[in-house]
Each structure stands twice: as structure tokens, then as C-alpha cells.
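Beneath this line is the structure, given in C-alpha cells, with notes to follow.
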Amino acid sequence: MNIGVVVFPGSNCDHDCQYVFRDVLGQDVTMVWHKETSLAGLDAVILPGGFSYGDYLRTGAIARFSPVMGAVKKFAADGGLVLGICNGFQILLEAGLLPGAMLRNESLHFICNDVFVRVENAATPFTGACKPGQVLKIPVAHADGNYYTDPVTLAGLQANAQIVFRYCASDGKVTPEANPNGSLDNIAGIRNAAGNVLGLMPHPERCAESVLGNEDGRLILASMVEGMNAKKGRAKALA
């Protein structure tokens with residue numbers, strides 16, 4: 001598999017993603033500069049965390065206009081897997097690839113902690129290695145992770161199983177106390193209606209090998225690799 005990691009001015013988790021996919025999961029990785037207009041030859045695209053363009057105006061508000069985002073939209077429309085992590089999630093929202101918006105954390109403070117998230121939908125290309133209801137421990141690091149959308153859109157997300165991760169306690173209970181940023185319905189990650197675009201605030205690339213003391217994030221990234229391999233296998237069988 002060839003994974004593309006988009007690099008915006010201000011990205012700071014791009015090489016973390018490169019390392020995990022290349023050195024931990026054994027995949028080919030291409031670093032994609034934000035001025036590129038083609039994603040040809042890629043099997044999946046990662047929008048990494050950081051502070052794209054310094055997060056001026058709003059988080060992700062300038063990055064949405066980068067030349068590469070036109071290619072990302074086409075890639076997603078053609079069924080390609082797109083994962084947005086933290087700032088990448090914010091960019092996906094600003095670009096209209098996912099519904100809703102990010103507000104300032106309810107506490108008005110930057111948070112950098114391990115949190116627990118519950119897998120609400122294990123039948124996605126990003127969670128195939130997880131069990132329904134499984135609790136993952138993954139770090140967050142953001143000031144604008146308070147997900148919000150209108151009631152009609154929220155009802156649609158709930159009805160269509162588009163809420164993939166919710167903040168929870170270590171025992172899996174979804175409670176207000178387990179919500180680190182005030183996010184609506186404890187939402188930590190959502191997918192699009194087609195199921196091939198996922199945005200999440202926690203950083204799975206920061207907990208993908210045992211030397212870090214936690215490998216829960218590896219389940220998400222490995223799920224992508226397994227899903228792409230299965231897709232290619234099906235395509236080859238039909239050829």
C-alpha cells in the first residue's frame with residue numbers, strides 16, 4: 001500500500017504518521033506537499049495534526065484552500081480512504097468533507113492528556129480490527145476539539161452510524177465527566193455517509209507501538225491497511 005501524508009505549513013504530526021505507517025506497519029509512504037494537485041498512485045490519504053497555516057482565522061480555515069484539497073476531495077469522491085487526525089479533522093470539517101464545526105474547548109484551555117474513546121461502529125475501514133464497544137486509550141492535544149453541529153445533522157449522524165468514536169470513561173460509560181472538551185454527544189470521531197472519510201481528534205499515531213506504553217492507536221491505523229488489502233484482493237479476484 002502507498003499512504004500519502006499531506007504536509008501543510010505548520011503540520012507537526014506528519015512525520016509521526018509517516019513513521020507509524022512505514023516503520024511500524026511496513027507500508028510505503030509518500031509525503032505530499034500542500035501545493036500538489038494530484039494524488040495519483042495513492043491508496044489512502046492522511047491529513048495529520050498540527051497547526052496548519054498557524055491556525056489563523058480558525059483551525060483549518062486556510063488549509064481548506066490549499067491546492068491539494070481539491071485533489072483530496074476528488075480522491076474521497078472516488079472512494080479513496082481519507083483520515084483526518086486532530087487538525088486534519090478540523091480541515092475536513094472546513095472543507096465540507098465532513099459535517100459540523102469545531103469550537104473552542106469548553107474549558108478555554110489547550111488540553112494534552114490520554115483519554116478513553118469507545119468504538120461505536122466497528123464496521124468501517126478504520127475500525128475493522130476493533131470490537132464493537134471496545135474502549136481505546138489514545139492521547140489528545142488540542143484547543144479546538146469541541147465538536148458541534150445542528151440538531152438535524154446530529155440526528156442523521158446518529159441514525160446512520162456515522163459517529164465512530166465517543167469519549168468515555170475507562171469502563172466504557174459515556175458520561176459528561178469523560179468528555180474532555182465539551183464535544184456534542186461526546187463525539188470524538190465521525191465518518192462521512194459513504195464511510196471512506198474519517199475525522200477524529202485523538203492521535204492514534206502517538207500510541208501505536210509498545211515502546212510508548214500503549215498500542216491502542218495501532219488498531220485504527222492497521223484497520224486501514226487491512227481494509228485496503230482486502231479491497232485490492234476483491235478487485236483482483238474480479239479482474
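Read-outs throughout are calculated quantities, based only on the coordinates presented, and are distinct from any laboratory measurement. Computed from a predicted structure; not experimentally measured. Every residue, glycine among them, receives a Cβ derived from its backbone with ideal geometry; neighbour counts consider all protein chains shown.
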Worksheet item: Hey, what number do you get for the chain at 222 nm if only DSSP H runs of n ≥ 4 count, each worth -39500 (n - 2.57), divided across all residues, to the nearest 500?
Response: -7500 deg cm²/dmol
Worksheet item: What's the tally of Lys pairs in the chain whose alpha-carbon atoms lie under 17 angstrom apart, where the two lysines are 8 or more places apart or on different chains?
Response: 4
Worksheet item: Going from the alpha-carbon gyration tensor of region 1-69, what semi-axes, largest first and in whole Å, does one get by taking the root of 5 times each eigenvalue?
Response: 22, 14, 7
Worksheet item: How much net charge surrounds Phe65 when only other residues with a Cβ under 13 Å from its Cβ are counted (Lys, Arg +1; Asp, Glu -1)?
Response: +3
Fill in: Coil-residue chymotrypsin sites (Phe, Trp or Tyr not before Pro) of region 36-72, DSSP, other Cβ within 10 Å capped at 11
Tyr56
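Just check region 96-217 against the gyration tensor rule for me: Cα atoms, a ≥ b ≥ c as the square roots of the eigenvalues, rounded for a/c under 1.5, and otherwise prolate or oblate depending on whether a/b exceeds b/c.
Verdict is oblate for region 96-217.
Please give the net charge around Arg104, taking every other residue with its beta carbon less than 14 angstrom from that of Arg104, where Lys and Arg add +1 and Asp and Glu add -1.
It works out to a net charge of -2.
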Discussion item. If you average the alpha carbon positions of region 151-209 and of region 37-58, how far apart do those two centres end up, in angstrom?
Written reply: 21 Å
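So if each residue of separation counts as 0.36 nm, and I subtract the Cα-Cα distance between Ala40 and Phe110, what length gain in nm does that give?
21.5 nm
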Worksheet entry | Alpha carbon centroid spacing (whole Å) that separates region 96-111 from region 20-36 | 27 Å
